[in-house]
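J.: Have a look at this one.
The values are calculated or read from the model by the stated rules, or taken from the named source; none is laboratory data. Values in this document were obtained by computation on a predicted structure and should not be read as measured data. In this analysis, Cβ positions are derived from the backbone assuming ideal geometry, glycine residues included, and neighbour counts consider all displayed protein chains.
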Amino acid sequence: MKQEYFERKGNALYCEGVGLREAAEKFGTPLFIYSAAHIKERYRNFEEALKGYPHHICYAVKACSNIHILELFAHEGSGFDIVSGGELQRVKEAGGDTKKCVYAGVGKSAEEIESAVKAEILYFGVESVPELERINAIAAKLGRVARIALRVNPDVDAHTHDYITTGKSENKFGLTADKAEEILKGFSEKYKNLKAVGLQVHIGSQITETKPYKTAVLKAAEFVLKLRSQGTELKYFDIGGGLAIVYKDEDPATPAELVKEVLPIISELGMTFVCEMGRYMVGNAAMLVTKVEYVKENPDKTFVIVDAAMNDLIRPALYEAYHEIAAVEDKAETFVCDVVGPVCESADFFRKDMTLPKVGEGDLLAVCSAGAYGFTMSSNYNSRNRAAEVLVEGDEMTLIRRRETYEDQLNCEKTCR
């Protein structure tokens, strides 16, 4: 177990000063339980690494979007990386500064663009010419000038899972350097309601080493110099996000190591450093607590069937992702089993052929490293209610999302009768 603010006291598992059993008994299962101390520490690690240099740290809302979590970041002074109108609304609700928002995504709707222009976001990360034209037209209609940064695809392999690689030439994201250069020639004449302020690269997620970042930044820096020779000056250099966490046995780079590699290149250009970290901030900030419903023994397999499922945490089914699983109350005797959920899919599993303390009905398990792309990717598949979420600060726990009810699920349909 590699989560700093989760530890055993005796044989029981705690989040900071709160026992996971106590939280589960109060709020039920499945239950996401988050450590506020972890989130604050991770954000401050980046602030310390960038101390004294102009920068914007924009938390990637998609990783974990609960408004109480966003409030923590807002209080730390964070900006936000958003990819939808809904995420912008969440930032507003959490008291975040919309002028520190950067807006990514290949398919921004007209309505989403309009709300973001009105919110005076820092800039749109633009990924196509049609998008550029749409933002310009909407800004003109509103009598505004919108800021944009061109997302350039550096064709760099991030050495991560294919589904979370975003910087290679065959990916749907970004523009080629040639296309970006073409766009910026005569930019102010063509796009009278836009101001080009930055360049963005984003090569993927769960990146363990600094080399791919440095390669991408060096390529982008060459492009910045070329643009300068043509009279185009940009203020922001956005390296994207993607810094890895430990799920199993990874040895990811730290913020200090990443900054040491790329900041000298960016500072030589005199540009403001921007990053959009999500998983690094919250991935190891949470566990998903689940209750054992049955232990089923087949001739060749033992199945531990729990009340959490792929609709609560889809990463194992979607990416074959590894999540450590721990018994909330440890036991000496062990067995080999598959930990599976109740959903009617063979992909509904958390781990296969793992050695686990010999648990039984009513015992609790904790699926580790569940803070990033856990609740935010959850669904109502099989008409299951989505889980509750709890935030722990010291020995205090706060319910930050109540468990859904069947009535919640049905409301949007019942109102159409």
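J.: Strands (runs of 3 or more DSSP E) wholly in segment 26-132 with at least 3 residues that are closer than 26 Å to residue 201 by Cβ and in contact with a strand residue (DSSP E or B) (Cβ under 9 Å, 6 or more places away or on another chain) - which ones?
T.: Numbers: elements: 31-35, 55-60, 79-82, 101-103, 123-126.
The qualifying strands (runs of 3 or more DSSP E) are 55-60, 79-82, 101-103, 123-126.
J.: Identify all residues within segment 273-323 that are within 28 Å of residue 394 (Cβ to Cβ), touching a Phe, Trp or Tyr at 6+ places or on another chain (Cβ under 9 Å) and of a type in the set (Lys, Arg); write none if there are none.
T.: Result: 279, single match.
J.: Go through segment 396-417 and give me each residue that's aliphatic (A, V, I, L, M) and under 22 Å from the mean Cα position of the chain (by Cα).
T.: 399, 400
J.: Which condition from (1) buried (at least 21 other Cβ atoms within 10 Å of the Cβ); (2) outside the structural domain of residue 111 (by TED's automatic domain parsing); (3) closer than 26 Å to residue 259 by Cβ is the one that residue 78 breaks?
T.: Of the numbered conditions (1) buried (at least 21 other Cβ atoms within 10 Å of the Cβ); (2) outside the structural domain of residue 111 (by TED's automatic domain parsing); (3) closer than 26 Å to residue 259 by Cβ, the odd one out for residue 78 is (2).
J.: Considering segment 233-247 alone, what residues qualify as being part of a loop (DSSP other than H, G, I, E, B) and crowded, with 16+ Cβ neighbours inside 10 Å?
T.: 234, 235, 239, 240, 241, 242, 244, 245, 246, 247
J.: What number of residues in segment 16-25 are in a strand (DSSP E or B) and either within 25 Å of the chain's Cα centre (by Cα) or among the β-branched types (Val, Ile, Thr) (or both)?
T.: Residues flagged as in a strand (DSSP E or B) and either within 25 Å of the chain's Cα centre (by Cα) or among the β-branched types (Val, Ile, Thr) (or both) within segment 16-25 amount to 1.
J.: Considering segment 1-55 alone, what residues qualify as being touching a His at 6+ places or on another chain (Cβ under 9 Å), of a type in the set (Phe, Trp, Tyr) and under 16 Å from residue 393 (Cβ atoms)?
T.: Correct list: 5, 6, 34.
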